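Please treat every number below as a calculation from the coordinates, not as lab data. Treat the numbers as computed from the prediction; the structure is a model and nothing was measured. Using ideal geometry, Cβ is built from the backbone for each residue, glycine included, and neighbour counts are taken over all protein chains shown.
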């Protein structure tokens, strides 16, 4: 029987942290191990100065700096200075891969060896109405693959997968690692908050980035995202890197660069990694807000969801099936994914996950009634025309204002608050048609949010923007346009 070890513990070798060994893909080379001891002697000031003047750090220097920060020898103000130097002068792909690896190895790395089957995970850079993971995880698991998904909570205008799941009465996202592994062994899918002491350096570094205007540096974004995914330790990864008004990166060029960087970091750690560049200029689907998005996810798992949402799900699901060895091409994977949305297998896996993690299945099925918000505000068209744009950022901010999201990390989320869109980009409307409905528990806030949602709708005679899925980024930095015929 395979080992029941829950984590690869971080071990010290020549002054550095090691998680997995070299043969497992994230360990250091023998050369790095032999020379590591000298790296920690470099002063933080010299390390910062090197990057200030655009010099490239060695593997050993990066490892020494991260270890020093973890041990308290490198102070917050020194880390902040270095973060700004990286923001201004960048890092090479090799430096970025090293930073990612050392941040991964600063804590626990999940050991999935006791879980039979091939594991594959997905990460999204976040958006408005992004409930893809709720559908994708059980869909992929319905084919026999293992989906060990650890997710986050929402902050700002983007929603969080955990908030959506926790809107289901009783659903427990805070499983201990042994419970997480038990669920994976039983049903092949679990969706939880990060377990154990995973990537602890990233938590501290991200807090500094958040208050020093260094969030949008691609090497730092890459390391922060990928160190957590690598600590989860799936065999392969699919990334959804978004651009547009509702994304953190507004233009596709910047998102392509981020995707290339993340794919390179994943591949360099021994994980097959593929990224899709997708548009976040309008909300995904028609539901924004936690419980509303759960309901729309179930509709999609029944094969009755909005086209844009289903297309994103089956493309990413098809790629996960391809990387998991279930199919021979993306086209075949897309067809298989659509089939399991139609035949009930994906939905059945979702019910299993909800029940196994303590959720009330009867509420999600509609057998029991879910609490409703006190107030409802209709947003209607002031003129006729074609919807040319729905500003995802403004809709997301309106949702936060209603209580569906957080302005601050300690804020409590109102699961009954949200927005339902009545129209999507490209739809023709007449004056007085229902554009959206807002739900909340503060009447004054309702009026303000309704006004903001109304202003998010822009009209024109022709649809603006382009395709929802634009590019695929593969290992080796290969970028190609997505074949739109796959969705017809």
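Okay, here's what the table says:
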quantity	calculated
Relative contact order, percent, the range 375-460 [alpha-carbon distance under 8 Å, six or more residues apart]	49 percent
Burial order of peptide ranges 425-435, 282-292, 324-334, 226-236 (average beta-carbon count within 10 Å, highest first)	282-292, 226-236, 324-334, 425-435
20 °C / 1.002 mPa s Stokes-Einstein diffusion coefficient of the range 186-260, Kirkwood radius on C-alpha pairs, µm²/s	152 µm²/s
Helix axis angle, 177-187 relative to the chain longest principal axis, alpha carbon, degrees	50 degrees
Antiparallel bridge percentage (DSSP; both residues within the chain; nearest 5)	65 percent
Gyration tensor verdict on the range 305-420 (Cα atoms; rounded if a/c is under 1.5, prolate if a/b is larger than b/c, oblate otherwise)	oblate
Over 43 Å [Cα-Cα, the chain], rounded percent	15 percent
Cα Rg over Rh - the range 101-237, Kirkwood	0.96
Tail beyond 21 Å, pair distance distribution of the range 375-460 (Cα, percent)	27 percent
